[in-house]
Every structure is written in C-alpha cells, then in structure tokens.
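Presented below is the structure to which this report refers.
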Amino acid sequence: MSVPLADLEILRGADKLTLYQWNTGTAKHYFCSICGIYTHHQRRSNPEEFGINLGALEGINPRERGAIPWVDGVNHPADS
C-alpha cells in the first residue's frame, strides 16, 4: 500500500523503529528494533510516498484484500 509522506501517522512504537538505507541512500526503510519486521519505507521510485507493510497494521489482514502486487527486490522499477 502507498501513502503520501504527509499522510502517514505512527500512533505507537515510533521510538522502536530503526532506519536502514543502502545503495543510493534514496529509500529509507524502517524496521521494528524489537522483532525486525519491516513496517514502511520512503520509496526510491517515488520519494514523495511511503510504501506500507499491511501486515504491520493492527486490525488489517492482507489476505482479505485480494491479490497483492510484489516486486522481487532485485529488479527495481527505477532501474529500468
């Protein structure tokens, strides 16, 4: 799921998030420092958006949302 940067509000646990950046440093990936789950990231393909891990949102079951598109992590859309 994608949201504009201004529309993401972290209600709990912001103090437990760890930022990780690699390669170009454009994307900002956030993980829980306790359990390691990926929560969200500022996109490299569109730095004005966050990509959100639906599985990290309380009360949302991603399996109930139908087909979820994915990328393999190697062939990034911004590299074409």
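Considering every residue within region 12-33, establish whether at least one is closer than 18 Å to Ala78 by Cα and acidic (Asp, Glu).
The initial filter retains those residues of region 12-33 that are closer than 18 Å to Ala78 by Cα, namely 21-29.
If we keep only those that are acidic (Asp, Glu) too, we end up with none.
Checked against the condition, which is being closer than 18 Å to Ala78 by Cα and acidic (Asp, Glu), region 12-33 yields no hits at all.
Just name the residue that is surrounded by the fewest Cβ atoms within 10 Å (Cβ to Cβ) out of those in region 35-69 that are among the hydrophobic types (A, V, I, L, M, F, W, C) and within 22 Å of Leu19 (Cα to Cα). Lay out the reasoning, then the answer.
The initial filter retains those residues of region 35-69 that are among the hydrophobic types (A, V, I, L, M, F, W, C), namely 35, 37, 50, 52, 54, 56-57, 60, 67-68.
Now drop any that are not within 22 Å of Leu19 (Cα to Cα), which leaves 35, 37, 50, 52, 54, 56-57.
Numbers: Cys35: 8, Ile37: 11, Phe50: 21, Ile52: 17, Leu54: 13, Ala56: 17, Leu57: 13.
Only one residue tops the list, namely Cys35.
Which one is surrounded by the most Cβ atoms within 10 Å (Cβ to Cβ) among residues in region 8-18 that are without any contact (Cβ under 8 Å) to a residue 12 or more places away in the chain and either among the polar types (S, T, N, Q) or more than 13 Å from Leu57 (Cα to Cα) (or both)?
If we filter region 8-18 for residues that are without any contact (Cβ under 8 Å) to a residue 12 or more places away in the chain, which is where we start, we get 9-12, 14-15.
Right, trim to either among the polar types (S, T, N, Q) or more than 13 Å from Leu57 (Cα to Cα) (or both) and you get 14-15.
Numbers: Ala14: 10, Asp15: 7.
The extreme case among them is Ala14.
Given region 23-80, what strands (runs of 3 or more DSSP E) lie entirely inside it while holding 1 or more residues that are under 13 Å from Val3 (Cβ atoms) and free of Cβ contacts under 8 Å to residues at least 60 places away in the same chain? Break it down stepwise before answering.
Details: elements: 28-32, 38-42, 49-52.
Per the criteria, 38-42, 49-52.
Spot the failing condition for Pro77; the list is (1) touching a Ser or Thr at 6+ places or on another chain (Cβ under 9 Å); (2) surrounded by 13 or more Cβ atoms within 10 Å (Cβ to Cβ), and only one is missed.
With (1) touching a Ser or Thr at 6+ places or on another chain (Cβ under 9 Å); (2) surrounded by 13 or more Cβ atoms within 10 Å (Cβ to Cβ) applied to Pro77, the lone miss is (2).
Throughout, read-outs are computed from the coordinates displayed, never taken from laboratory work. From a predicted model like this one, the values you see are computed outputs, not experimental measurements. Neighbour counts run over all protein chains shown; Cβ positions are idealised from the backbone, glycine included.
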